[in-house]
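Below: the structure, in structure tokens.
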Amino acid sequence: MKYALVTGGSRGIGRAVCVKLASQGYHVLINYVSNQAKAEETLALTKEAGTEGEIIKFDVANLEETTEALEKWQAENKDAYIDVLVNNAGVTADSLLPLMDAESWHKVLSTSLDGFFNVTRTVIKKMVRKKHGRIINMASVSGLIGLPGQCNYSAAKGAIISATKALSKEVGIKNITVNAVAPGFIKTDMTSSLDEEELKKGISLGRFGEAEEVAALVAFLASEDAAYITGETIAITGGLKG
């Protein structure tokens, strides 16, 4: 049995990734922090896609809570290990920097950046012992080019891109690949308030992307076909101009 953990897996891109990995034969651990009903919906979809899964509740931004939940799962599944980790959990709190409050700054960085550290530090230990693993970090085009009103989100995702490069150099010798995916405008709850008609004028393909298209890229990076790709950030933007 192959195991995959997807943080923030209850909806949006995370849900699409869970379903795609389930269709590839993975037993998916669906992480959520508050919306159990959405997590249960995702679990049902993964079962329809082909494999059993489970939900696992913890706040990735909380080191103690994250470590306790993951260590408890490992203790209950002694012979198993998480072979694929998708660090997908993230939030936005957009505002121009002069108007941004400290809570918005720290919440966004803590979820993406502390979440990456808190989850990866625990999961990677057994990957190292098993000498195999795939880590895919969900970045953003915002972390590549910067977007106005998203200094916090751009900072968090830019740091994730740099951490991806650094970690790939640390663990490559252990046959663990570490890559990042940088989506542009994807149809999810996070982009539902945006002016799609106006924004798609700046996209070569003339549309927002689908969560399933991002999930397909994640599944490729998790596969053996991507065994020689590491330390990379792959943008999936539909040809975002500028």
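For segment 75-159, the relative contact order is 42 percent, taking Cα pairs closer than 8 Å that sit 6 or more residues apart in sequence and dividing their mean separation by the residue count. Solvent-accessible surface (1.4 Å probe) assigned to D101 amounts to roughly 80 Å². Surface calculation, 1.4 Å probe, protein heavy atoms: E64 sits at approximately 140 Å² accessible. So how far, in whole Å, is the C-alpha centre of segment 44-70 from the one of segment 99-162? Between the Cα centres of segment 44-70 and segment 99-162 lies a distance of 18 Å. A simple count of charges around S204, restricted to other residues whose Cβ falls under 15 Å of its Cβ and scoring Lys, Arg +1 and Asp, Glu -1, yields +3.
Think of a 1.4 Å ball rolled over the protein heavy atoms: the chain then has 48 Å² of accessible area per residue.
With a cut-off of 15 Å between beta carbons, the residues surrounding K20 carry a summed charge of 0, where Lys and Arg count +1 and Asp and Glu -1.
From the protein chains alone at 1.4 Å, what is the descending order of accessible area for M190, M100, largest first? Let's see the in-between values first.
On the way: M190 90, M100 30 Å².
Result of the area sort, largest leading: M190, M100.
Calculate for the chain the 222 nm mean residue ellipticity that helices alone would give, adding -39,500 (n - 2.57) per DSSP H run of length 4 or more and normalising by residue count, nearest 500 deg cm²/dmol. The helix-only estimate for the chain comes to -13500 deg cm²/dmol at 222 nm. A probe of 1.4 angstrom, applied to the heavy atoms of all protein chains, finds L240 with accessible area near 40 square angstrom.
When F220, F116, F208 are compared by accessible area of protein heavy atoms, the largest-first order is F220, F116, F208, using a 1.4 Å probe.
Placing +1 on the Cβ of every Lys and Arg and -1 on the Cβ of every Asp and Glu, with no other charges, gives the chain a dipole of roughly 800 debye about its Cα centre.
Determine the equivalent ellipsoid of segment 1-42 by diagonalising the alpha-carbon gyration tensor, then write out the semi-axes as square roots of 5 times the eigenvalues, largest first, rounded to whole Å. Before the final figure, lay out each step's value.
Numbers: eigenvalues 57, 18, 12 Å².
Semi-axis lengths for segment 1-42 are 17, 10, 8 Å.
Wrap a convex hull around the Cα atoms of segment 147-203, take a quarter of its surface area, and give that in square nanometres. Its average projected convex-hull area is 5.2 nm². In terms of the mean number of neighbouring beta-carbon atoms within 10 Å, the peptides 35-42, 154-161 order highest first as 154-161, 35-42. Note on segment 88-218: Cα convex hull, mean projected area over all directions, 8.7 nm². Summing Lys and Arg as +1 and Asp and Glu as -1 over all other residues whose Cβ lies under 15 Å from the Cβ of G231 gives a net charge of +2.
Placing one equal scatterer on every Cα of the chain and applying the Debye formula, the log10 ratio I(q)/I(0) at q = 0.08 Å⁻¹ is -0.27.
Using a 1.4 Å probe over the heavy atoms of the protein chains, calculate the carbon and sulfur portion of the accessible area of the chain as a whole percent. Whole-percent figure for carbon plus sulfur exposure: 53. In straight-distance terms, cross-link reach from K157 covers every one of the aspartates and glutamates whose alpha-carbon lies under 16 Å from its own, apart from those fewer than eight places away in the same chain; here that gives D94, D114, E232.
The values are calculated or read from the model by the stated rules, or taken from the named source; none is laboratory data. This structure is a prediction, so every number in the text was calculated from the model and none was measured. Virtual Cβ from ideal backbone geometry, glycine too; neighbours counted across all protein chains shown. Accessible surface areas use protein heavy atoms only, side chains included; no ligands, DNA or RNA. Shrake-Rupley method; radii C 1.70, N 1.55, O 1.52, S 1.80 Å.
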